[in-house]
Amino acid sequence: FRALLGHDWLHRAYAYPHHLRLLESPDARVTALPAAFESRLFPPAAEKDPGLVLRTAAGLPSKDLALFMEVAKRLPSHRFVLCCVTCNGWEHYPEELRRMAASMGSPVELRFDVPREQIAALMARAGIYLHTANPPDVPPGTPIGMPISIAEAMATGAHVLVRDVPELAAYVGDVGAVYRDAAHAAELIEATSGWSEAEWLHQRIRASDRAFLHFADETVLRPMLADWQALARERQAGAGAQEAVRAA
């Protein structure tokens, strides 16, 4: 981040709001933008399956996917589906995840490299989205950003559970739940079994409202589009000036 800002050719940099504190001093070129989900693919769902728990993730150790498997083992009454993308340099990890699930005796359904349209269909159906990640201070943890899958899940009306990390808790606000460990996550999911149909509907509306108010692509990305339009106008004006000089 700091190295990028050291270049005089930089016009604009976009960062998640909580990353602005990484700057030693304010920089007018830095614009805070939250995560943006593709609203065309993730509209509010008309119906949800309260027993379907979903996680979509990059196939990396930092995602703490073992926790998802552990919660699945604790809640045989629910269906847990884990969709992972095979990552460069980690092509071996899908097989490792299969061995991990087998050794744990977890009933989790493992799917790899699922087409995006199918992911959207699963997200639309899932009543619960369980996000997992190692905290930054727990190896092999990574800095916390704003995982787009959380916004996608909220947009469809899913009840989102995130690890007890300040950045993630702020992300879901009061429409999600924060868990400490696998046992706590299982308790929170089990508690939703007692929700009435009206409570589930209320949850869906609140989650979708939060997502579309704060994270919809057509809203979040407007400042970025405006910057590109301004750059295009500047380049066009510069080209026009050069042409005028040549003509003269």
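Worth a mention:
- Relative contact order computed over the chain (Cα-Cα under 8 Å; 6+ residues apart), in percent: 22
- Near residue 179, the amide H atoms lying under 5 Å from its own belong to 162, 163, 164; only residues 5 or more places off or on other chains count, and H is placed 1.01 Å from N.
- In order along the range 5-16, the phi-based Karplus estimate (6.51 cos²θ - 1.76 cosθ + 1.60, θ = phi - 60°) of 3J(HN,Hα) comes to 5, x, 8, 6, 7, 6, 8, 8, 10, 10, 9, 5 Hz; Gly and Pro are listed as x.
- Nonlocal amide H pairs with residue 129, under 5 Å, H built at 1.01 Å: 54, 159, 160, 161
- For the chain, the dipole from Cβ point charges (+1 on Lys and Arg, -1 on Asp and Glu) about the Cα centre works out to 280 debye, to the nearest 20.
- Cut-off 20 Å, label 7 Å out along Cα→Cβ of residue 137, residues of the range 160-176 by amide N: 162-171
- Here the dipole of the range 158-200 is about 120 debye; that uses its Cα centre as origin and unit charges on the Cβ of Lys and Arg (positive) and Asp and Glu (negative).
- Comparing 41, 18, 28 along the charge dipole axis of the range 12-53, the residue lying farthest to the positive side is 28, per the Cβ-charge model.
- The charge dipole of the range 116-248, taken about its Cα centre with unit charges on the Cβ atoms of Lys, Arg (+1), Asp and Glu (-1) only, comes to about 480 debye.
- Cα gyration tensor shape for the range 154-220, rounded if a/c is under 1.5, else prolate or oblate: oblate
- Per residue, the chain exposes 52 Å² of accessible surface when a 1.4 Å probe is rolled over the protein heavy atoms with every protein chain present.
- Accessible heavy-atom area order of 205, 128, 144, highest first, probe of 1.4 Å: 205, 144, 128
- Heavy-atom accessible surface of the chain: percent carbon and sulfur, 1.4 Å: 56
- Neighbour net charge for residue 211 - beta-carbon separation under 12 angstrom, K R +1, D E -1: -1
- Selected from 187, 24, 91 as most flexible by GNM, with the chain as the system and alpha-carbon contacts under 10 Å: 24
- Considering only 236, 68, 103, the residue lying farthest towards the positive end of the dipole of the chain is 236, judged by Cα position with unit charges set on Cβ.
- Comparing 193, 103, 62 in a Gaussian network model of the chain where C-alpha atoms under 10 Å apart are linked, the largest mean-square fluctuation is found at 103.
- Helix runs (DSSP H) in the chain reaching 30 Å along axis by Cα, Kyte-Doolittle at least -1.0: 222-247
- Computed log₁₀ I(q)/I(0) - Debye formula, equal Cα scatterers, no solvent, the chain, q 0.07, 0.16 Å⁻¹: -0.30, -1.20
- Most mobile of 43, 136, 61 in a GNM of the chain (Cα contacts under 10 Å): 136
- For the range 61-142, the mean projected area of the C-alpha convex hull, equal to one quarter of the hull surface, is 5.9 nm².
The values are calculated or read from the model by the stated rules, or taken from the named source; none is laboratory data. Just so you know, these numbers come straight off a predicted model, no measurement behind them. Cβ sites come from the backbone with ideal geometry, for glycine too, and all protein chains shown count toward neighbours. What goes into the accessible areas is simple: the full protein's heavy atoms, side chains included, and nothing from ligands, DNA or RNA. Shrake-Rupley method; radii C 1.70, N 1.55, O 1.52, S 1.80 Å.
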